[in-house]
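Nothing in this text is a laboratory measurement; each read-out follows from the coordinates by a stated rule. The structure presented is a predicted model; accordingly, all values stated were derived computationally and were not measured. Because the Cβ atoms are built from the backbone with ideal geometry, glycine has one as well, and the counts that use them run over all protein chains shown.
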Amino acid sequence: MRHKKFGRKLNRTGAHRKALKRNLAINLIEHESIRTTPQKAKFVRPFVEKLITLAKKPTLHNRRRVASMLYNAWVKDKEGNKIKVVNKLFEHIAPRFKNRAGGYTRIVRLPKNRLGDNAPQCLFQLVEGEEVVKPTPKTVEAGKKESTKEESGKKEATSKSDFEVDASSKSEEEKEQQEAEEKGQEKSSDNQ
């Protein structure tokens, strides 16, 4: 009887299970979506969620804790640059889930089984979090200039939301200018 016994053995030794857990977590952090069996996904899910929860508070202690749980692996980010898996977790993935209190992953069962052994398959993926936009120095300067002109120096743009609003209003102004130029070109072509 398995009274009070928890966890999954997955027909592997302890060291093999630990390696499997780390490898699946690293692949999920790198690709953000992997295909595996539902049993393995359910086995790794709590481990990955704990890693993301630790990464939401970017202290040196938490970095070291995450690094001790994962291999010192190199992964590629969205631009294709090689970075360490711990850095990708702390700098790219965790900020997306800043306002989310758990539930960072999902398991989606796939209709077709694996060809070799007819094992059920699933997609194990990170839930799409909020996309974090880091303001560039140009948008920061533009945001500060616009806010000082509009508010006569009462308040400077300090939060990221101020910069995002300034960038979106800029893009709307650029669109309006382009439309005005197109109308001007149409009028000049009609006159000819």
Integer Hz, Karplus 6.51/-1.76/1.60 couplings in order for the range 24-32, x for Gly and Pro
5, 5, 5, 5, 5, 5, 6, 9, 6
Residue by residue, what Karplus-based ³J(HN,Hα) values in Hz, rounded to whole numbers, does the range 56-69 have, using 6.51, -1.76 and 1.60 with θ = phi - 60° and x for Gly and Pro?
5, 10, x, 8, 4, 4, 5, 4, 5, 5, 5, 5, 6, 8
Gained length - Asn99 relative to Lys50, 0.36 nm times residue gap less alpha-carbon distance
16.1 nm
Checking the table Lys5/Lys76; Lys40/Lys76; Lys42/Lys112; Lys21/Lys76; Lys5/Lys98; Lys18/Lys82 against a 30 Å threshold on Cα-Cα, which pairs fail?
Lys5/Lys76; Lys5/Lys98
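Using R₀ = 41 Å, calculate the FRET efficiency as 1/(1 + (r/R₀)^6) where r is the Cβ-Cβ separation of Ala15 and Glu179; round to 0.05.
The formula returns an efficiency of 0.05 here.
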Rounded to the nearest 0.05, FRET efficiency between Ala73 and Asp117 (Cβ-Cβ, R0 22 Å) equals 0.20
Counting other Cβ atoms within 10 Å, keep those with at most 16, restrict to DSSP loop, and tell me which trypsin sites (Lys or Arg not before Pro) in the range 1-57 are left.
Arg2, Lys4, Lys5, Arg8, Lys9, Arg12
Under the rule a/c < 1.5 gives rounded, and otherwise a/b versus b/c splits prolate from oblate, where does the range 1-130 land using the Cα gyration tensor?
prolate
